[in-house]
Amino acid sequence: MKNFRVMTGLFFGVTFSFLLSGCEGASSTMLPVTTSGVVISNLMWIVFGVAAVVFVVVETLLVISILKFRHKQKDPLQKADLPEQVEGNQFFETLWTMAPAIVLAIIFALTVVALQTVINPPQDGSTAITNANMLNIRVTGHQWWWQFDYPNLKITTADEFHIPVNTVVMVSVQSADVIHSFWVPQFGGKIDVIPGHLNYTWFKATKTGVYNGQCSEYCGEEHAEMKFLVMVDTPEDYQTWVKSQQALPQDVLGDAATGKQIVLTGVCSGCHTIRGTSAVGKIGPDLTHLASRKIFSGGVLENTPDNLKKWLTDPSAVKPGTIMPKLSLSPDDITSLIAYLETLK
Ligand code: CUA
């Protein structure tokens with residue numbers, strides 16, 4: 001008996017600590033910051049409330065029945081404890097058929113209404129967005145990082161992207177290799193990222209901030225390190241970001257110039273693009289504004305000079321399975337490379 005209690009305590013302790021840890025930080029679907037995220041969250045709470053009422057009613061009746069009609073007689077054949085039998089009682093049969101049917105019908109109707117709001121972007125003009133200036137972002141999933149293209153703005157970035165607050169953003173998603181899933185928990189639903197197929201979603205974030213995104217479809221050994229960040233900016237901050245991303249890199253001197261030379265003459269340029277230079281590779285992330293980003297390589301590390309050094313020294317030691325090769329660079333080369341990369345703001 002004592003063992004049973006200890007085990008039960010452990011079970012609930014462990015279970016609930018997982019549940020609670022799942023609710024913390026900025027990755028919770030229960031803290032929605034988009035219009036559809038709010039709709040989904042509200043629906044979840046309604047269904048949860050209905051389920052809670054059903055649970056309490058059913059469990060209460062169950063416990064009452066167990067206590068009231070438990071076996072008390074010594075003679076097992078004596079039937080004095082049996083409650084009145086209601087099999088075939090028309091009132092009860094109708095009640096417990098109709099009650100669940102009505103509850104499920106209400107939840108079904110609410111779900112269909114919520115689904116329409118989630119699927120269809122607002123068409124009422126309140127967002128002041130027309131097709132001509134609508135913000136389109138093309139998301140491409142790679143093993144294991146995310147690419148973000150703004151076709152109308154001629155911006156390409158990786159691992160993080162910016163959007164203006166209170167604006168409908170149309171998103172098309174595609175894959176460069178295997179199936180991934182694009183998910184920002186606080187934005188609401190997920191969207192599958194499928195090779196050879198364009199999928200579409202949209203969102204309208206209503207609160208500025210930085211939000212965590214994560215690939216949510218197992219896609220290989222570094223699936224967990226396929227994270228990204230979404231920065232929801234004020235319109236002014238967003239415009240500043242757009243301008244800075246559209247700009248070409250500045251001229252560089254000294255160590256940075258040596259680093260630039262290594263990038264352009266070595267293998268880096270075969271995989272990476274740095275606009276305004278001869279590096280036009282398409283396999284790895286666009287590095288034109290690498291230094292403006294908080295994270296790199298699917299968020300495996302924060303974007304600091306020390307972390308870049310770890311990465312350039314041996315990518316596979318940081319992220320086993322990455323296709324970024326070990327380049328056998330000398331420590332001096334790495335110092336120069338980082339000096340150059342730090343200028344790519
Ligand atoms: Cu990409 Cu999991």
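The values are calculated or read from the model by the stated rules, or taken from the named source; none is laboratory data. Keep in mind the model is a prediction, meaning the values are calculated, not measured. Methodologically, a virtual Cβ is constructed for each residue, glycine included, from the backbone with ideal geometry; neighbour enumeration extends over all protein chains shown.
Things to note:
- Exactly one residue out of G220, G259, G213, G266 is within 16 Å of the ligand (Cβ to nearest atom), more than 27 Å from V118 (Cβ to Cβ) and in contact (Cβ under 8 Å) with a residue 40 or more places away in the chain, and it is G220.
- Against the test of being within 16 Å of the ligand (Cβ to nearest atom), under 20 Å from S27 (Cα atoms) and small (G, A, S), the options S175, S181 yield a single qualifying residue, S181.
- The criterion of at least 1 residues that are over 19 Å from Y340 (Cα atoms) and within 25 Å of the chain's Cα centre (by Cα) is met by the following helices (runs of 4 or more DSSP H) wholly inside the stretch 197-312: 235-246.
- Flag for L153 being modelled with pLDDT under 95, away from the ligand (no atom under 16 Å from the Cβ) and within 23 Å of H272 (Cα to Cα): yes
- Filtered residue count, the stretch 142-185, keeping only those that are outside any strand (DSSP E or B), over 18 Å from the mean Cα position of the chain (by Cα) and not β-branched (V, I, T): 7
- Yes/no for Y200 being more than 30 Å from M44 (Cα to Cα) and away from the ligand (no atom under 12 Å from the Cβ): no
- Pairing residues of the stretch 101-124 that are assigned by TED's automatic domain parsing to the domain that holds W202 with residues that are surrounded by fewer than 10 Cβ atoms within 10 Å (Cβ to Cβ) and assigned to a helix (DSSP H, G or I), at Cβ distances under 9 Å and at least 6 apart in sequence or on separate chains, gives no pairs at all.
- Any chance I163 is away from the ligand (no atom under 16 Å from the Cβ), modelled with pLDDT of 95 or more and among the hydrophobic types (A, V, I, L, M, F, W, C): yes
- Residue pairs meeting the criteria (Cβ under 8 Å; at least 6 apart or on separate chains; first on the phi > 0 side of the Ramachandran plot, in the stretch 273-296; second among the aliphatic types (A, V, I, L, M) and surrounded by fewer than 22 Cβ atoms within 10 Å (Cβ to Cβ)): G276/L248
- Taking every residue in the stretch 235-255 that is under 18 Å from I274 (Cβ atoms) and pairing it with any residue that is polar (S, T, N, Q) and modelled with pLDDT of 90 or more, at least 6 positions away or on another chain, the pairs with Cβ-Cβ distances below 6 Å are V252/T343; D255/S336.
- All conditions but one from (1) within 10 Å of the ligand (Cβ to nearest atom); (2) touching a strand residue (DSSP E or B) at 6+ places or on another chain (Cβ under 9 Å); (3) not β-branched (V, I, T) apply to F187; the one that does not is (1).
- First in the stretch 308-327 and assigned by TED's automatic domain parsing to the domain that holds F296 and under 22 Å from L344 (Cα atoms), second anywhere and surrounded by fewer than 14 Cβ atoms within 10 Å (Cβ to Cβ) and among the aliphatic types (A, V, I, L, M), Cβ under 7 Å, 6 or more apart: L327/V267
- Boolean, T304 is surrounded by 17 or more Cβ atoms within 10 Å (Cβ to Cβ) and not small (G, A, S): no
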